[in-house]
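Working notes, beginning with the structure itself.
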Amino acid sequence: RRGHIMFMHGAQSKTDANYLGIYGLGRTDKRTPLESPECDEAGNRIPDRGHNAVARYAFHFHRGGPTNSPAKVNGLAIVDSPGLGLVNHSSNVQVRDSVAYNVVGSAFFTETGNEIGFFDNCSAVRMTGSGEGLTARSKAAGVIQETDFGHGGHGFWLQGGGVAVLNSRVSGSGDAAIIFFTVALN
């Protein structure tokens with residue numbers, strides 16, 4: 001089992017991450033479709049299910065609240081993640097001077113579209129991707145599991161318009177360098 005880092009900060013908390021190396025972390029694997037754990041009627045986990053659970057990303061800000069004080073990340077290096085690199089999920093995150101290398105899915109990612117913050121002077125290098133099309137894992141494509149996106153090998157995946165990408169670069173993406181959706185999921 002691979003480890004992953006998740007921050008769930010609120011209005012009264014302060015999250016600063018400075019000069020960290022994140023090597024070989026992240027459990028969600030974007031090479032294969034999501035498969036979250038399932039339980040039977042008695043609440044027991046069903047064996048042989050849930051081998052690729054959602055939200056186990058290398059460095060993940062999870063529902064911290066976009067109107068709360070910003071989490072600040074400076075000098076982060078994410079290397080060898082099988083899924084997503086840095087994820088801003090419904091949070092306010094300011095990322096500076098950071099790099100993601102050899103990430104399968106998307107190096108820098110916003111998840112639902114209500115996120116705010118920025119990626120400033122960030123580099124995304126070598127995102128291999130799943131080899132599947134952009135919408136191959138969407139509910140519209142008949143996938144039963146929750147929508148599984150950002151798997152194509154992208155430098156920046158922006159699910160809404162509240163996060164800026166400034167002075168940043170992408171090299172070696174399996175698909176588009178930057179994906180930008182103007183309509184939020186929530």
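Of all residues in the stretch 161-176 being within 14 Å of Gly105 (Cβ to Cβ) and among the aliphatic types (A, V, I, L, M), which is surrounded by the fewest Cβ atoms within 10 Å (Cβ to Cβ)? Out of the qualifying residues, it is Ala176. Residues satisfying the criterion are present in the stretch 94-111 (criterion: modelled with pLDDT under 95, in a loop (DSSP other than H, G, I, E, B) and of a type outside the set (Lys, Arg)).
The residue of the stretch 45-102 that is surrounded by the most Cβ atoms within 10 Å (Cβ to Cβ), among those that are of a type in the set (Lys, Arg) and within 18 Å of Trp157 (Cα to Cα), is Arg56. Would you say Asn102 is of a type in the set (S, T, N, Q) and closer than 25 Å to Gly64 by Cα? No, not satisfied.
Within the stretch 99-122, residues that are farther than 15 Å from Gly75 by Cβ and free of Cβ contacts under 8 Å to residues at least 40 places away in the same chain sit with their Cβ atoms under 8 Å from residues that are open to solvent by 20 Å² or more (accessible area, probe 1.4 Å) and in a loop (DSSP other than H, G, I, E, B), at 6+ positions apart or across chains, in these pairs: Asn102/Thr128.
Yes/no per residue for (1) more than 24 Å from Leu86 (Cβ to Cβ); (2) at pLDDT below 95:
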position: Tyr19; (1), (2): no, no
position: Ile22; (1), (2): no, no
position: Gly26; (1), (2): no, no
position: Glu35; (1), (2): no, yes
position: Glu38; (1), (2): yes, yes
position: Arg45; (1), (2): yes, yes
position: Asp48; (1), (2): yes, yes
position: Val54; (1), (2): no, yes
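If the condition is being in contact with an Asp or Glu (Cβ under 7 Å, 6 or more places away or on another chain) and touching a residue at least 60 places away in the same chain (Cβ under 8 Å), then the stretch 40-79 contributes Val54, Pro66. If the condition is being farther than 20 Å from Arg56 by Cβ and modelled with pLDDT of 95 or more, then the stretch 125-161 contributes Val125, Arg126, Gly155, Phe156, Leu158.
Taking the criterion of being over 20 Å from Val125 (Cβ atoms), in a strand (DSSP E or B) and under 13 Å from the mean Cα position of the chain (by Cα), the residues of the stretch 66-93 that qualify are His89, Val93.
The values are calculated or read from the model by the stated rules, or taken from the named source; none is laboratory data. Every value quoted in this text rests on a predicted model; they were computed, and no experiment measured them. FYI the Cβ positions are ideal-geometry reconstructions off the backbone, even for glycines, and counts take in every protein chain you see. Surface areas here come from the heavy atoms of the whole protein model, side chains and all, with no ligands, DNA or RNA. Shrake-Rupley method; radii C 1.70, N 1.55, O 1.52, S 1.80 Å.
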